[in-house]
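Taken together, the values in this text are just the output of simple stated rules run on the coordinates, not laboratory data. Here the structure is a predicted model, which means the values were calculated and not measured. Virtual Cβ from ideal backbone geometry, glycine too; neighbours counted across all protein chains shown.
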Amino acid sequence: MPVGFISSPACAGHDMGAEHPERPARLDAIRDQLLSSGIDVALRHFDAAAASRAQLELVHDPDYVESIFVRAPTEGIEQLDPDTCMNPASLDAALHAAGAVVSAVDRVMAGEIPSAFCAVRPPGHHAERDRAMGFCLFNNIAIGAAWAREQYGLERVAIVDFDVHHGNGTEDFVKGREGYLLCSSFQHPYYPFSGTGELPDNVINTPLEAGAGGAGLRRAVEDTWLPALENFRPQMLFVSAGFDGHREDDMAQLRFVEDDYRWVTETIKKVADRHAGGRIVSALEGGYALSALGRSVVAHLQGLIGR
């Protein structure tokens, strides 16, 4: 059965300026690589619907959600923090980014597709309950995970995050919350300078030093993620798929290559096959070197497809 590929034309409208790394061309680079690699024929494409306020409020404070609607500009740029802003199309893009993950959950749970990748922007894992930051407005992957529990009654959902930056927003939502497990790797010390120190049992963080490559990621997954995931026995897995740890991406200083992303995806898939009926929903986070981003997404999809 083909893996789902879920996106929306609305996601291209969000534009924080020509010099900003989180730009619409990221989605074009992914689509170009889908075609040139030949993997597109193994995918089933869907357009995302917009998330509802009720779905956003599974994770975010209602007053915060209202503030994003109120501050959405009709012209020009609205600055939310030093590196996060909105143009007139940003709210629609953010609603469809979160909605894509919700839609992926619905389609996977209905058995239409075994797993799905959501090619969306803006990303989400830095968005906290009541705060936009780090290019993120709504926490797409946390909203999807919360929807899986709320709508389908799943008792145990796991989120894995291999973006180069710590997903502080996701951790803020998951920590100490029954029914959730978060496993993440990230460069440290580095933005947002969080993710270390005392943590609850359901948050497994594996910070990596600048210069670490695939071997460091693989050790972290094998030594810490896998024991926690096997003990937790998730009924669905979610992936914050950030590809800014690639050695060609100058956003940070990790040294991953495409094969590392394929390996970690294949490893996660084995866990999902054992415990979750193969159910995985993945969403794009970072990745700013366009060619490396496209190639890495293809590797990730190959891992999901199993070929």
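Please find, in a Gaussian network model of the chain (springs between Cα atoms separated by less than 10 Å), the residue of GLY134, GLY167, GLY197 whose mean-square fluctuation is greatest. It is GLY197.
Within the listed set TYR152, TYR190, TYR261, the residue fluctuating most in the Gaussian network model of the chain (springs between alpha-carbon atoms under 10 angstrom) is TYR152. For LEU80, nonlocal amide neighbours, meaning residues 5 or more places apart or on other chains whose placed amide H falls under 5 Å from its own, are CYS85, MET86. Considering only beta bridges that DSSP places wholly inside segment 3-305, some 10 percent are antiparallel.
Between amide H atoms placed 1.01 Å from N, distances below 5 Å from VAL160 occur with CYS183, PHE238, VAL239, SER240, all of them 5 or more places distant or on a separate chain. Backbone phi angles across segment 201-216, fed through the Karplus curve with coefficients 6.51, -1.76 and 1.60 (θ = phi - 60°), yield HN-Hα couplings of 4, 8, 10, 10, 9, 10, x, 10, 6, 3, x, 5, x, x, 4, x Hz in residue order; Gly and Pro are listed as x. Just checking the listed ones, ASP249, ASP201, ASP47: in the Gaussian network model of the chain with Cα springs under 10 Å, the one fluctuating most is ASP201.
Per-residue extension of 0.36 nm, minus the Cα-Cα distance of GLU75 and ALA215, leaves a gain of 45.7 nm for this segment. The phi torsions of segment 173-182, fed into the Karplus equation with coefficients 6.51, -1.76 and 1.60 and a -60° offset, translate into couplings of 6, 7, 4, x, 8, 4, x, 10, 10, 10 Hz, rounded to whole numbers, with Gly and Pro shown as x. Using only the Cα atoms of segment 1-121, build the gyration tensor, take square roots of its eigenvalues as a ≥ b ≥ c, and label the shape rounded, prolate or oblate: rounded if a/c is under 1.5, else prolate if a/b is larger than b/c, else oblate. Oblate is the answer for segment 1-121, as a/c is 1.5 or above yet b/c matches or exceeds a/b. Put in order of Cβ neighbour count within 10 Å, fewest first, the listed residues THR170, THR84 become THR84, THR170.
3J(HN,Hα) along segment 47-57: 8, 7, 8, 6, 5, 8, 4, 4, 5, 4, 7 Hz, from the Karplus curve 6.51 cos²θ - 1.76 cosθ + 1.60 with θ = phi - 60°, whole Hz, x for Gly and Pro. Taking amide hydrogens as placed 1.01 Å from N in the peptide plane, the amide H of LEU208 sits under 5 Å from those of PHE186, GLN187, HIS188, each at least 5 positions away in sequence or on another chain. Computed from the coordinates I sent, P(r) over Cα pairs in 10 Å bins from 0, in percent equals one of (1) 6, 25, 31, 23, 12, 3, 0, 0; (2) 7, 32, 40, 20, 2, 0; (3) 6, 23, 26, 20, 13, 8, 4, 0. Tell me the label. Computed from these coordinates, P(r) over Cα pairs in 10 Å bins from 0, in percent corresponds to label (2). Overall, the chain carries a charge dipole of about 1020 debye about its Cα centre when +1 sits on the Cβ of Lys and Arg and -1 on the Cβ of Asp and Glu, all other atoms neutral. Each residue, ALA110 and GLU198, gets one label point 7 Å from its Cα in the Cβ direction; the gap between the two is 4.6 nm.
DSSP beta bridges fully contained in segment 1-154 are about 40 percent antiparallel.
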